[in-house]
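Every number here is computed from the coordinates shown, using simple stated rules; none is lab data. Treat the numbers as computed from the prediction; the structure is a model and nothing was measured. Cβ placement follows ideal geometry from the backbone for every residue including glycine, while neighbour counts extend to all protein chains displayed.
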């Protein structure tokens with residue numbers, strides 16, 4: 001029983017991380033952008049009965065345990081007319097990621113990296129539209145609403161600030177801007193000289209990265225840092241290339 005519970009926890013954690021919203025411009029960070037039923041289906045814990053009823057009690061129990069441990073935030077509403085609970089909304093708290101080994105700075109870098117990736121791929125505007133559609137869908141559907149829940153809104157804002165920071169966020173953006181300018185200059189110079197193996201490896205890695213879920217990229221980069229802690233600069237991409245799943 002304990003091993004089955006652990007398997008449910010592991011599968012649910014991966015599903016929630018994969019469907020979390022990492023966009024720092026959203027109203028709140030790390031909202032799980034799918035239903036609990038979808039999470040249960042992803043975890044192999046969705047049971048359908050001949051009567052049409054669906055059940056996913058192991059998932060509900062895991063979510064309740066994580067909520068009580070202050071690892072996630074859940075918003076619930078009761079529909080008085082239908083006499084049943086509306087679909088819940090879930091946000092992952094920073095403590096959840098800390099339990100997986102991510103430091104505060106690493107988590108902040110994940111969010112900043114996601115923002116830069118969207119900017120680089122020209123996806124920022126489309127992602128904002130997607131989020132707006134998500135909010136509109138929630139408003140029209142029988143889903144728990146944040147309207148008039150000032151305490152919950154304040155909590156979500158506080159958690160977002162804890163991750164993003166204020167002064168630190170500005171400092172990080174300046175740092176990455178300087179890095180981007182440096183890479184742009186190096187790219188311009190490379191058009192007049194043969195491409196180095198390191199730069200070619202970096203391009204391969206970047207091409208692979210945009211095809212993967214952010215959770216998979218995060219796991220891969222953490223593994224590489226563990227395997228090659230002393231390798232610095234673009235040389236690390238040569239090691240990345242040897243370990244890419246599709247290489």
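What shape does the range 197-243 have by the C-alpha gyration tensor, where a ≥ b ≥ c are the square roots of the eigenvalues, rounded means a/c under 1.5, and otherwise prolate means a/b greater than b/c and oblate the rest?
Details: a/c = 2.47, a/b = 1.14, b/c = 2.17.
Judged from the Cα gyration tensor, the range 197-243 comes out oblate (a/c at least 1.5, b/c at or above a/b).
Only counting other Cβ atoms within 10 Å, I'd like 106, 125, 25 sorted with the fewest neighbours first. Walk me through the numbers before you get to the answer.
On the way: 106 15, 125 9, 25 12.
Ranking 106, 125, 25 by Cβ neighbours within 10 Å, fewest first, gives 125, 25, 106.
Among bridges DSSP assigns within the range 1-172, what percent are antiparallel (round to 5)?
Details: 10 of 11 bridges.
That works out to approximately 90 percent antiparallel.
Give the shape of the range 64-125 as rounded, prolate or oblate, defined through the alpha-carbon gyration tensor: a ≥ b ≥ c are the square roots of its eigenvalues, a/c under 1.5 means rounded, and otherwise the shape is prolate if a/b is larger than b/c and oblate if not.
Numbers: a/c = 5.71, a/b = 1.57, b/c = 3.64.
Verdict is oblate for the range 64-125.
What per residue convex hull volume, in Å³, comes out for the range 1-172 when only alpha-carbon positions are used? Mind showing how you got there, number by number?
Values: hull volume 24.7 nm³, N = 172.
Dividing the Cα hull volume of the range 1-172 by its residue count gives 144 Å³.
Which of the peptides 225-234, 152-161 is most tightly packed, and how do the rest follow, going by the mean number of other Cβ atoms within 10 Å of each residue?
Numbers: 225-234: 10.4, 152-161: 14.9.
The peptides rank, most packed first, as 152-161, 225-234.
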